[in-house]
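Handing you this structure, nothing more for now.
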Amino acid sequence: MPVWNVCGGNRLNGSVAVQGSKNAVLPIMAASLIGGGVSRLTGCPHLRDVDASMEILRELGCGVMQNGGEIVIDSAGMCRNHIPHALMLKMRSSVMYMGAILARAGDVRISTPGGCELGSRPIDLHLKALRALGAEVTEQGGEVICRAARLRGAHINLDFPSVGATENVMLAACAAEGETVLTNAAREPEIQDLQAFLNAAGASVHGAGSAEIHICGFHARPYVTHRVMPDRIAAATYLCAAAAAGGEVELLHAVPAHLRTVCAALEEMGCTVQRGADHVRLRSGGALHAAHPVVTKPYPGFPTDAQALLMAASLRAAGTTVFIENIFENRYRHVDELRRMGADVRVEGRVAMVSGVERLHGAPVTACDLRGGAALVIAGLSAEGETAVCDSGHIERGYDGLADALRALGADVTRAEDAEEK
Ligand code: UD1
């Protein structure tokens with residue numbers, strides 16, 4: 001099992017190029033099935049979830065080539081509509097393949113995602129929306145089967161602006177006759193990136209980024225090329241790391257508007273943030289104070305994915321920082337581990353209260369999920385002594401070259417597997 005050894009105390013200085021977005025590239029890879037053509041994606045991060053998605057595409061009969069940050073998918077040969085359970089388990093976002101395969105083949109069979117490290121993962125909103133488009137949906141033996149001889153446009157209102165359900169509707173509705181109007185849609189930037197890809201591939205989609213999205217059909221183009229947007233959560237990770245450790249870090253290929261709530265919280269804590277057209281610079285003296293309550297909400301609210309990261313940056317901030325997690329039920333699993341490092345955090349239901357301590361100390365800790373794992377690395381950067389983060393692979397699911405990038409900024413971070421390989 002990889003172990004991240006972090007020796008705290010170094011300030012971070014320098015610049016880092018932000019990776020392409022995990023949460024954008026995965027639905028776009030699924031979307032590449034719809035038109036049956038060739039999709040060339042650039043700016044793709046190297047991640048375990050991206051590997052799993054390539055495996056799914058190959059399993060379905062597509063040709064997939066990866067060269068550095070470029071992935072070329074030829075979906076002309078797609079000949080299967082079933083994703084085996086073992087492959088579904090490898091990646092949470094595989095549920096996105098439901099809408100894409102349904103659009104392409106009119107028939108799809110996948111296993112239900114079940115629970116995951118963040119709590120239960122219902123897909124009722126996805127299924128309700130696909131039924132509204134005319135799909136016949138049956139659930140049996142842990143599998144979902146969706147069939148539609150013909151999908152037809154509909155007005156669909158989501159009970160909650162679920163990112164996954166919004167993406168599944170956009171994908172399936174591409175194959176529907178007539179217009180689909182999706183209201184109370186998720187407004188995350190990754191939805192806009194999916195829209196940009198779909199339109200380049202021949203779809204007619206507009207409204208992404210607002211709560212109302214219109215999808216009016218698809219005239220497949222044989223070839224599409226698309227650059228994946230920068231990863232706003234990876235960007236937030238570097239900002240929180242610099243805030244916690246102190247120093248001055250510049251993020252290249254970052255979209256400041258996507259980082260608005262995270263930057264605002266870090267400014268409240270005493271950091272200085274400068275925003276450029278496609279970069280963000282953060283300076284931190286290391287001595288921080290508590291921000292206003294941090295409440296996770298659908299975009300443009302504070303992202304649930306950045307909650308653990310900001311918590312790690314607030315552990316030594318003077319005063320009490322309150323976190324309220326509204327999206328996932330099981331998203332404080334990093335707290336027990338942070339306590340092992342001397343953090344003072346109390347959790348009651350969806351509320352966590354961090355009372356800033358003067359010092360954190362290194363300790364052996366365990367990553368329980370992706371962002372929680374990154375949070376432990378951040379805490380380690382501002383702790384005295386050595387922190388060993390045992391990680392069964394969670395961090396690699398979402399970060400491309402995190403240890404290298406932190407080292408380049410001056411951090412003392414090694415992955416034990418890295419050290420053995422040298
Ligand atoms: C969520 C985040 C997204 C983030 C992604 C990766 C939100 C709103 N979504 O997206 O920003 O990029 O994780 O970590 O912050 N739900 C249902 N029924 C459904 C679908 C969802 O009840 O059919 C509930 C979920 O249990 C959860 C909430 O809706 O409480 C958000 O789910 P959703 O947005 O679908 O999650 P992701 O797409 O994973």
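If you go through the range 12-47, how many residues are over 27 Å from A408 (Cα atoms) and assigned to a helix (DSSP H, G or I)?
Of the residues in the range 12-47, 6 are over 27 Å from A408 (Cα atoms) and assigned to a helix (DSSP H, G or I).
A further question follows. Taking I83, is it in contact with an Asp or Glu (Cβ under 9 Å, 6 or more places away or on another chain) and either away from the ligand (no atom under 16 Å from the Cβ) or closer than 22 Å to A203 by Cα (or both)?
Against the criterion (in contact with an Asp or Glu (Cβ under 9 Å, 6 or more places away or on another chain) and either away from the ligand (no atom under 16 Å from the Cβ) or closer than 22 Å to A203 by Cα (or both)), I83 qualifies.
Matching residues to (1) surrounded by fewer than 14 Cβ atoms within 10 Å (Cβ to Cβ); (2) outside any loop (DSSP other than H, G, I, E, B):
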site: G270; (1), (2): no, no
site: A287; (1), (2): yes, no
site: P300; (1), (2): no, no
site: F323; (1), (2): no, yes
site: N326; (1), (2): no, no
site: V335; (1), (2): no, yes
site: R339; (1), (2): no, yes
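Look at the range 124-167 and say how many of its residues are of a type outside the set (D, E), farther than 19 Å from Q195 by Cα and not in a strand (DSSP E or B).
Number of matching residues: 14.
Identify the residue in the range 367-389 that is within 16 Å of the ligand (Cβ to nearest atom) and part of a loop (DSSP other than H, G, I, E, B) and, among all such residues, is modelled with the highest pLDDT.
Just the residues of the range 367-389 that are within 16 Å of the ligand (Cβ to nearest atom), to begin with: 367-375.
Of the ones still in play, those that are also part of a loop (DSSP other than H, G, I, E, B) are 367-369.
Numbers: A367: 96, C368: 93, D369: 92.
Among those residues, the one meeting the criterion is A367.
For (1) of a type in the set (D, E); (2) under 20 Å from A234 (Cβ atoms); (3) in contact (Cβ under 8 Å) with a residue 12 or more places away in the chain, each residue gets a yes or a no:
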residue	(1), (2), (3)
V18	no, yes, yes
A24	no, yes, yes
S53	no, yes, yes
E59	yes, no, yes
E70	yes, yes, yes
H82	no, no, yes
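How many residues are touching a residue at least 40 places away in the same chain (Cβ under 8 Å) and either touching a Cys at 6+ places or on another chain (Cβ under 9 Å) or under 15 Å from L402 (Cβ atoms) (or both) if we restrict to the range 233-264?
16
Could you please give the count of residues in the range 201-230 that are touching a helix residue (DSSP H, G or I) at 6+ places or on another chain (Cβ under 6 Å) and in a loop (DSSP other than H, G, I, E, B)?
Counting residues in the range 201-230 that are touching a helix residue (DSSP H, G or I) at 6+ places or on another chain (Cβ under 6 Å) and in a loop (DSSP other than H, G, I, E, B) gives 3.
Further, regarding this structure: Inspect the range 276-289 for any residue being among the basic types (K, R) and either touching a Cys at 6+ places or on another chain (Cβ under 8 Å) or farther than 24 Å from S162 by Cβ (or both) and give the result as yes or no.
For the range 276-289, residues among the basic types (K, R) and either touching a Cys at 6+ places or on another chain (Cβ under 8 Å) or farther than 24 Å from S162 by Cβ (or both): present.
Any idea which residue in the range 180-203 is surrounded by the fewest Cβ atoms within 10 Å (Cβ to Cβ), counting only those that are within 17 Å of I156 (Cα to Cα) and more than 16 Å from the ligand (Cβ to nearest atom)?
The qualifying residue surrounded by the fewest Cβ atoms within 10 Å (Cβ to Cβ) is V181.
The values are calculated or read from the model by the stated rules, or taken from the named source; none is laboratory data. In this text the structure is predicted, and so the values were computed from the model without any measurement. Methodologically, a virtual Cβ is constructed for each residue, glycine included, from the backbone with ideal geometry; neighbour enumeration extends over all protein chains shown.
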